[in-house]
Amino acid sequence: MKTVISILVTANWLYSTSLAADLSYIGNKTQVSIAGPSPRLSLDDGTTFVGDSISVNAGFQAQEVSDPVNSLAEQRKYEGGSNLNLDTFTEPYTIDFRYHNFDRMTKFLRQATARYPSLTALYSIGKSVQGRDLWVLVVSASPYEHMLGKPDVKYIGNIHGNEAVSRELLLQLIHYLVTNYATDSFVKWLLDNTRIHIMPSMNPDGFEVSKEGSCDGTQGRYNARGFDLNRNFPDYFKQNNRRAQPETEAVKEWVSKIQFVLSGSLHGGALVASYPFDNTPNSLQSYSAPSLTPDDDVFKHLALTYSTNHVKMSRGVSCKTSQTAFRRGITNGAEWYPLTGGMQDFNYVWYGCMEVTLEVSCCKYPPAHELPKYWEDNKASLLKYLAEAHRGVQGFVVDENGNPIEKASLKVKSRDVGFQTTKYGEFWRILLPGVYKLEVYADGYVPREVEFMVVEQHPTLLNVTLHTAKPWQYFDPPVTSPPKTILSVDNTNLPVAQDDQIQFPE
């Protein structure tokens, strides 16, 4: 109990220095200004916060941030946490089953933050090639403050611009969560215990040139420079020499700043939950050979959680006669087809975030009148999948005085993909029921190995105390896969195509 109290006191002090304490993951110092029409928060690394929006650019240089909700932002009182005066609204908060272009999507997200200021926070992690914001909406009972000991999770949609169903599903999910918080016990539990970050569109430029009714093809699939964003991340198995794009650079910065426990990447064109690895170590690898992670049991469970709660996916029905049928609606990514530079492998290997690729529709961009069917097919899956972040083990790593140890390295024995603690000493790991050993290492401390048990009913709470090493003691860090030396990709000398040399689909 003494350890927990010490951690809580530390966290509360951090919260008191920041209007948006969740954003303290980016910097330790804040400068708050409440002069002018909208409150502004500036962090010491160049991050700025105004009204409902945070903008973090790739280089972390200070920049101007426009007021995202115009005069509505002036009415919010952040210091007291009071809600916006709902009497100012004349239009009902609804969402139609239609496709939302960038302007309509932005308007909806701003309306959500204005109507539900105690449940939502809107921020941008950067901009697309053509300058569109990469919006993320946090939905949680604590949208602006990190909830100590409670996990952050995320959904990313529309990474391929012409796979449009995912974009609309995530907007529908936002509406469902905020409008059912007061009446649905499961939704209330989820938002009270989880911070859900939702990015409806990672490729807003591609969406703008896609065509409704087009079930196949590649028009709009790529970003405005003609790059496939799901082939643009660093790769575990092979050097990825594709030029890094602003959309993927923004996501890489984002996931390096928030320790996400669980993630779903939504796609279209098939009906299956595909789990890592997407790539294989054998450059001559043929199709239909799986490439399994050390956490294969967990990934299969996560994929099955989505497929079995989906109305159709677990039946394993193929979308076309020429397409593979997936047993129980799941597949290993490389067994389906290997690819280099995928986002789910990057999340898992680099940051220990368990991400599954969710193919949610046979048609990539079906007519809008079919959207209600897709929402009903996926609604339960989208909700139940997020709850899996509360499975396994979680806790804190502290020193002998009860102070949190940041960036302690952790690894479940025999599972060589490691993970780290947050600045508050927190950690989470999704595991199935069983007995495990946790290896914990931090510079300057004596490492520990702790045995623990995971049960089905609730997550195991495990607090680990590390003792300061003597000056003459030295301990090797744990061996993880991959070695740190292969985790960097140098794109500085690669040729760069000019925008006018690339033919973007009409």
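Points to keep in mind about this one:
- Neighbours by Cβ (under 9 Å, 6+ apart or cross-chain): first from the range 146-172, assigned to a loop (DSSP other than H, G, I, E, B); second acidic (Asp, Glu) and modelled with pLDDT under 95: His146/Asp22; Met147/Asp22
- Residues in the range 285-307 that are hydroxyl-bearing (Ser, Thr, Tyr) and either outside any helix (DSSP H, G or I) or assigned by TED's automatic domain parsing to the domain that holds Asp416 (or both): Ser286, Tyr287, Ser288, Ser291, Thr293.
- Of all the numbered requirements in (1) of a type in the set (A, V, I, L, M); (2) within 21 Å of Leu262 (Cα to Cα); (3) modelled with pLDDT of 95 or more, Ala334 misses one, and that requirement is (3).
- With respect to being under 17 Å from Leu271 (Cα atoms), surrounded by 17 or more Cβ atoms within 10 Å (Cβ to Cβ) and of a type in the set (S, T, N, Q), Thr331 fits the description.
- Lone unmet requirement of (1) touching a residue at least 60 places away in the same chain (Cβ under 8 Å); (2) in a loop (DSSP other than H, G, I, E, B); (3) of a type in the set (Gly, Ala, Ser) for Ala182: (1)
- If you check Pro447, Pro478, Pro482, Pro459 for being touching a strand residue (DSSP E or B) at 6+ places or on another chain (Cβ under 6 Å), within 27 Å of Asp416 (Cβ to Cβ), surrounded by 11 or more Cβ atoms within 10 Å (Cβ to Cβ) and at pLDDT below 80, only one passes: Pro478.
- Checklist (1) in contact (Cβ under 8 Å) with a residue 24 or more places away in the chain; (2) hydroxyl-bearing (Ser, Thr, Tyr); (3) surrounded by fewer than 21 Cβ atoms within 10 Å (Cβ to Cβ) applied to Thr293, failing item: (3)
- Per the listing Glu376, Glu388, Glu370, Glu359, the residue uniquely of a type outside the set (Val, Ile, Thr), crowded, with 18+ Cβ neighbours inside 10 Å and in a helix (DSSP H, G or I) is Glu388.
- Condition check for Thr248: touching a Leu at 6+ places or on another chain (Cβ under 6 Å), buried (at least 22 other Cβ atoms within 10 Å of the Cβ) and either in a strand (DSSP E or B) or not assigned by TED's automatic domain parsing to the domain that holds Arg429 (or both): yes
- Screening the range 171-218 for residues that are within 23 Å of Leu148 (Cα to Cα) and aromatic (Phe, Trp, Tyr) and picking the one that is surrounded by the most Cβ atoms within 10 Å (Cβ to Cβ) gives Tyr181.
- In this structure, Thr218 does satisfy being in the same structural domain as Leu134 (by TED's automatic domain parsing) and out of contact with any Leu (no Cβ under 9 Å at 6 or more places or on another chain).
- Pair list, Cβ under 6 Å, 6 or more apart: the range 191-204 residue in contact (Cβ under 8 Å) with a residue 40 or more places away in the chain and more than 22 Å from Asp228 (Cβ to Cβ), other residue part of a loop (DSSP other than H, G, I, E, B) and of a type in the set (A, V, I, L, M): Leu191/Ala141; Asp192/Ala141
- Every condition in (1) assigned to a helix (DSSP H, G or I); (2) in contact with a Phe, Trp or Tyr (Cβ under 6 Å, 6 or more places away or on another chain) holds for Gly341 except the one numbered (1).
- Selection within the range 308-328: residues that are modelled with pLDDT of 95 or more and either outside the structural domain of Asp216 (by TED's automatic domain parsing) or touching a Phe, Trp or Tyr at 6+ places or on another chain (Cβ under 8 Å) (or both). The member of this set that is surrounded by the fewest Cβ atoms within 10 Å (Cβ to Cβ) is Asn309.
- Of residues in the range 90-121 being of a type in the set (A, V, I, L, M, F, W, C) and under 19 Å from Asn180 (Cα atoms), the one surrounded by the most Cβ atoms within 10 Å (Cβ to Cβ): Ala121
- With respect to the stated conditions, Tyr236 is buried (at least 24 other Cβ atoms within 10 Å of the Cβ), out of contact with any Lys or Arg (no Cβ under 8 Å at 6 or more places or on another chain) and among the aromatic types (Phe, Trp, Tyr).
- Qualifying residue in the range 117-132 (condition: in a strand (DSSP E or B) and under 14 Å from Asp205 (Cβ atoms)): yes
- Selected residue [at pLDDT below 95 and either more than 26 Å from Gly329 (Cα to Cα) or of a type in the set (A, V, I, L, M) (or both)] from Gln239, Gln245: Gln239
- Of all residue pairs spaced 6 or more apart or on separate chains, those with beta-carbon atoms under 6 Å, a first member in the range 339-368 that is farther than 13 Å from Asn230 by Cβ and a second member that is at pLDDT 95 or above and among the charged types (D, E, K, R) are Lys364/Glu163; Tyr365/Glu212; Ala368/Arg98.
- Selected residue (criterion: farthest from Leu466 (Cα to Cα)) from residues of the range 407-420 that are without any contact (Cβ under 8 Å) to a residue 40 or more places away in the chain and out of contact with any Gly (no Cβ under 9 Å at 6 or more places or on another chain): Lys413
The values are calculated or read from the model by the stated rules, or taken from the named source; none is laboratory data. Predicted model only: the values in this text are computed from it and were never measured. Using ideal geometry, Cβ is built from the backbone for each residue, glycine included, and neighbour counts are taken over all protein chains shown.
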